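Only the coordinates and a few stated rules stand behind these numbers; no lab work does. Because the structure is a prediction, the values reported are computed rather than measured. So basically every Cβ, Gly included, is an ideal-geometry build from the backbone, and we count neighbours across all protein chains shown.
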Amino acid sequence: MITKNIKKVEECLIFSNKNDSNIENEVIAVCILIPKSNLKAEDIRLKCKKIFHKYYVHSKVIIISEIPRNKSGKINRNEIRKLIMK
């Protein structure tokens, strides 16, 4: 939904950290921006607040340059979780 509604976001993955017992459950958007975009994480959250219902807005937005993938091209969720926990 983010990629369709925010034109500067090329790709977006949604994760939850509910498996980590030390952290309160959060829904985190991990976004890749189109090249030469100057959009910031807080800008994405603000746009989501305007577009979506309150319960669709992510607790945190993280911008990365590329999605980590394994040798078969599938998304490497463990690597993304490591990025989220930084």
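Taking all Cα pairs closer than 8 Å and separated by 6 or more residues, the relative contact order of the range 2-85 comes to 25 percent.
Simple spin-label estimate for Asn70 and Lys54 gives 4.0 nm between the two label positions (7 Å along the Cα-to-Cβ direction from each Cα). A straight chain from Asn25 to Arg45 at 0.36 nm per residue would run longer than the Cα-Cα distance by 5.5 nm.
At 222 nm, what helix-only mean residue ellipticity would the chain give, in deg cm²/dmol to the nearest 500, using -39500 (n - 2.57) for each DSSP H run of four or more?
Numbers: 3 runs with 24 residues, N = 86.
It lands at -7500 deg cm²/dmol.
Using r as the Cβ-Cβ distance of Glu10 and Met85, and R0 as 22 Å, what FRET efficiency do you calculate, to the nearest 0.05? FRET efficiency, Glu10 to Met85: 0.40. Among beta bridges identified by DSSP and lying wholly in the range 2-85, the antiparallel ones come to about 65 percent.
So which lysines pass the test for Lys82, namely a Cα distance under 28 Å, with those fewer than 8 places away in the same chain ruled out? Cross-link targets: Lys4, Lys7, Lys8, Lys18, Lys36, Lys40, Lys47, Lys49, Lys54, Lys60, Lys71, Lys74.
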